[in-house]
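No value in this document is a laboratory result; all are computed from the given coordinates. Bear in mind the structure is a predicted one, so any value in this text is a computation, not a measurement. Please note: Cβ atoms are built from the backbone with ideal geometry, for glycine as well, and neighbour counts cover all protein chains shown.
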Amino acid sequence: MITDPSKPTIVVLGSINMDLVTTTEHRPQPGETVLGTGFTMVPGGKGANQAIAAQRAGGRVEFLGAVGDDVFAGELRGVLRDSGVAIGRLRTVTGPSGIAAIVVDSSGENSIIVVGGANATMTALTDDDLAVIASADILLCQLEIPVGAVAAAVTHASANATVVMLNPSPAQHLPSDLWAHVDVAVVNSGEAKDLGHDLDPVAHLVVTHGAAGAHYRGPGGRELSQPSPQVDVVDTTGAGDTFTGALATAWHRGPEQALAWASTAGALATTRLGASTSIPTHEQITAAIEHGD
């Protein structure tokens with residue numbers, strides 16, 4: 001149920017981290033020490049990235065998650081708030097916020113280590129959290145927080161006619177009854193291979209292939225392939241999250257338009273360093289599509 005097609009309401013349940021990003025000519029092999037060419041701290045986390053991407057792409061987004069009481073918490077709250085994401089349900093817990101240590105090489109490819117921190121405390125949802133989910137058009141989840149909270153959110157959303165979009169990343173096998181409540185699954189090609197037949201019950205499956213674009217499989221055997229715009233890649237960090245958030249915002253337009261919108265957003269995100277800092281706006285996505293970029 002989309003109450004305002006121009007701005008669907010999207011609840012994102014997920015992680016928020018401070019990304020510690022090091023750039024280098026090549027990523028180190030086991031036992032190897034390499035010299036870095038730069039370092040920056042950028043707010044990230046799959047949940048926060050997707051929330052910001054959905055908001056900037058034209059949605060009305062509320063974020064459900066947790067930060068710690070450390071030096072990173074204020075900036076993590078601020079990046080969501082400054083992007084227009086509602087943070088009234090963002091918890092503060094004792095201990096460190098989540099972090100991700102990211103190495104980006106000269107080709108823009110990355111390696112990432114995530115430490116959950118406050119994200120690991122998201123083990124259950126409150127009645128107020130559930131009420132927000134029930135009133136939304138779309139619930140968007142990932143798997144960087146405990147699966148129990150994701151399962152509770154997905155089940156509640158399904159019971160209240162809220163579209164459930166799941167990005168099962170990091171990939172892990174989930175109970176079959178959870179998959180039964182998922183309307184749209186968004187995975188990259190590696191995750192699709194890892195999950196295999198787990199994805200069969202999902203009505204709408206979107207598989208991303210990086211620079212090669214994305215593929216859609218839907219009811220009745222419908223399939224679509226969407227090429228990715230060609231851009232000068234600087235950093236692929238956050239591109240998949242940007243794709244997913246933009247897809248959620250455009251989902252009500254139908255798979256064909258949603259994939260085109262999301263693929264453009266994801267490509268634009270690779271042209272700048274960082275995750276949340278690289279996410280394009282509605283206007284930038286529109287301009288890129290109109291100019292055929």
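Each Lys and Arg contributes +1 and each Asp and Glu -1, all at the Cβ; summed about the Cα centre of the chain, the dipole is approximately 320 debye. Multiplying the residue separation of residue 161 and residue 37 by 0.36 nm and subtracting their alpha-carbon distance yields 39.7 nm.
The helix-based estimate of mean residue ellipticity at 222 nm for the chain, built from -39,500 (n - 2.57) per DSSP H run of four or more residues and divided by its residue count, is -9000 deg cm²/dmol to the nearest 500. Classify the chain as rounded, prolate or oblate, taking a ≥ b ≥ c as the square roots of the eigenvalues of its Cα gyration tensor: rounded when a/c is under 1.5, otherwise prolate if a/b is larger than b/c and oblate if not. It comes out rounded by the Cα gyration axes. An oblate overall shape is assigned to the range 35-121, the ratio a/c of its alpha-carbon gyration tensor axes (a ≥ b ≥ c) being 1.5 or greater and a/b not exceeding b/c. Computed extension length for residue 203-residue 94: 35.3 nm, one decimal, from 0.36 nm per residue of separation with the Cα-Cα distance subtracted.
Net charge dipole, the range 1-102: roughly 400 debye, given to the nearest 20, about the Cα centre with Cβ charges of +1 for Lys and Arg and -1 for Asp and Glu.
At an R0 of 30 angstrom, the distance between the Cβ atoms of residue 271 and residue 131 translates into a FRET efficiency of 0.15.
The charge dipole of the range 59-164, taken about the Cα centre with unit charges on the Cβ atoms of Lys, Arg (+1) and Asp, Glu (-1), comes to about 180 debye, rounded to the nearest 20.
Taking a point 7 angstrom from the Cα of residue 180 along the C-beta vector, which residues in the range 208-229 have backbone N less than 14 Å away? None, by backbone N distance to the label point. Residues whose amide H falls under 5 Å from that of residue 64, counting only those 5 or more places apart or on a different chain, are 12, 13, 14, with hydrogens built in the peptide plane.
Computed 3J(HN,Hα) for the range 169-180, one whole-Hz value per residue from the Karplus formula 6.51 cos²θ - 1.76 cosθ + 1.60 where θ = phi - 60°, is 9, x, 4, 7, 6, 10, x, 4, 6, 6, 4, 5, glycine and proline marked x.
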